[in-house]
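Structure first, commentary second.
The values are calculated or read from the model by the stated rules, or taken from the named source; none is laboratory data. For clarity, every value in this text was computed on a predicted model and none was experimentally measured. In this analysis, Cβ positions are derived from the backbone assuming ideal geometry, glycine residues included, and neighbour counts consider all displayed protein chains. When the accessible area is computed, the model is the full protein with side chains, heavy atoms only, and any ligands, DNA or RNA have been set aside. Shrake-Rupley method; radii C 1.70, N 1.55, O 1.52, S 1.80 Å.
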Amino acid sequence: MNVIEDDLRAAFVRHEPLTPSTGPLRAAIDRLAATRRRRRQRFQAAGVTLALLAALGVGVPQLRPDRPADGPAMSGRPADVPPEALNILLLGVDGFGEQPPYRLADSVLLVHIPADRSRPYLISLPRDLEVSIPGRGIDKLNSAFFTGAGEPRPDLDAGYDLTRRVVADLTGVRVDAGAVLTFAGLRRITEAVDGVEVCLPKKVESWHTRRTFPAGCQRLDGDASVDLLRQRRYLPDGASDRDRNAQRYVGGLIRRVVGQDVLTNPVRLAALLSAPGKGLAVDDDGLPLTKLVAVLPELKSVDPVGLSLPVGPPTDDATRLRLDPKQGRAFLAALSEDRLAQWVAQHPERVNPVR
């Protein structure tokens, strides 16, 4: 036995110089692990950072609809530096972290804040839009999150990052910040503000619960909000109508938060940000939250304009949509050149009323 052990040791000694150094590989692994830790901390700590800023009274003055814009000193931007347009990507994920774990981003909303800080634009990107997804090929937009999140334990921030990349390629604009919200998180946010008013042009009947949402304005609790935003089966335009209802919900949530002075109350703001728990993840890698918060008081109006990316008729697949070759390209050009106000003035029929 000792002879065999001695032979083995001698063989290892002879071959050890031929073995590649593990230093570069170990360093690469350490860098990757550190990046992943930073990414997770980036998503998990962003809401806490905003709450702390509010508690310290940093740059969160009161917002009112149609208030005049504050000067550069208020925003922390030098007077000779013009503001830039901002784009924030919001993803609504059905079933993430729940059972069944669908992990599809069925609501994709791009919030565009123009350089003149006139008002926010809520742009719905159809979940069935045919796009190119790295690592997957041509598929529906909502599957980008599924592809990035992976299996069997979905990665929330990886799903967001791939969707962000696809949306940036599609629209031609830089995505400065974003968030992923599950239905469980949406339910808790709604309850945290004591309900959200949603104004519907027509009656909606729930395919899931048989609940009826009458036409007109109504305040919805958390369960009712989730129920409404899941509906598409009985709606005339299916998923497109669901996107419009998502815009109406976001518009109602903005009005509710502003009306309750949540942004000026550190206690309420902290409670709102912590309410979703693991149901909310925030990306501030492209736009630090300190800068995003400073932008809020610059808005002349917080009453949003609802829009949908113009698409053509379904493809041969009948379940996929393609960008309208004329209006779709013109819309994306207006978005990338920060001319949405002019585009809306020329196409008022494309505006989705959010109230």
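Couple of notes before you dig in:
- Single residue of 229, 181, 200 found to be touching a residue at least 12 places away in the same chain (Cβ under 8 Å) and either more than 28 Å from residue 262 (Cβ to Cβ) or open to solvent by 30 Å² or more (accessible area, probe 1.4 Å) (or both): 181
- Residue list for segment 298-355, filter: among the β-branched types (Val, Ile, Thr) and not in a loop (DSSP other than H, G, I, E, B): 305, 311, 344
- Cross-chain or 6+ apart pairs with Cβ under 6 Å, segment 315-330 first and free of Cβ contacts under 8 Å to residues at least 60 places away in the same chain, then assigned to a loop (DSSP other than H, G, I, E, B) and open to solvent by less than 70 Å² (accessible area, probe 1.4 Å): 324/310; 324/312; 327/310; 328/310
- Verdict on residue 164 being among the charged types (D, E, K, R), open to solvent by 10 Å² or more (accessible area, probe 1.4 Å), part of a helix (DSSP H, G or I) and under 21 Å from residue 242 (Cβ atoms): no
- Condition check for residue 191: touching a Gly at 6+ places or on another chain (Cβ under 7 Å), in contact (Cβ under 8 Å) with a residue 12 or more places away in the chain and open to solvent by 30 Å² or more (accessible area, probe 1.4 Å): yes
- Every residue from segment 179-193 that is assigned to a helix (DSSP H, G or I) and not aromatic (Phe, Trp, Tyr): 184, 185, 186, 187, 188, 189, 190, 191, 192
- Listed by first and then second residue, the pairs linking a residue in segment 246-261 that is closer than 16 Å to residue 191 by Cβ to a residue that is of a type in the set (D, E, K, R), with Cβ atoms under 6 Å apart and 6 or more places separating them unless they lie on different chains, are 252/197.
- In segment 194-202 there is at least one residue matching the filter, namely being acidic (Asp, Glu), over 30 Å from residue 131 (Cα atoms) and in a loop (DSSP other than H, G, I, E, B).
- Taking segment 206-224 as the range and being modelled with pLDDT under 95 and either closer than 26 Å to residue 321 by Cβ or touching a Pro at 6+ places or on another chain (Cβ under 9 Å) (or both) as the test, the residues that pass are 206, 207, 208.
- Any chance residue 244 is modelled with pLDDT under 90, of a type outside the set (A, V, I, L, M) and not in a loop (DSSP other than H, G, I, E, B): no
- Here segment 120-154 is the region considered, the condition is being among the aliphatic types (A, V, I, L, M) and within 12 Å of residue 166 (Cα to Cα), and the residue that is surrounded by the most Cβ atoms within 10 Å (Cβ to Cβ) is 144.
- Scanning segment 244-255 for residues that are out of contact with any helix residue (DSSP H, G or I) (no Cβ under 8 Å at 6 or more places or on another chain) and either open to solvent by 10 Å² or more (accessible area, probe 1.4 Å) or of a type in the set (Gly, Ala, Ser) (or both) yields 244, 248, 250, 251, 252, 254, 255.
- Meets criteria (modelled with pLDDT of 80 or more, within 20 Å of residue 193 (Cβ to Cβ) and open to solvent by less than 30 Å² (accessible area, probe 1.4 Å)) for residue 299: yes
- All positions within segment 212-241 that are in contact with a helix residue (DSSP H, G or I) (Cβ under 8 Å, 6 or more places away or on another chain), hydrophobic (A, V, I, L, M, F, W, C) and either part of a strand (DSSP E or B) or within 16 Å of residue 93 (Cα to Cα) (or both): 213, 220, 226, 228, 229
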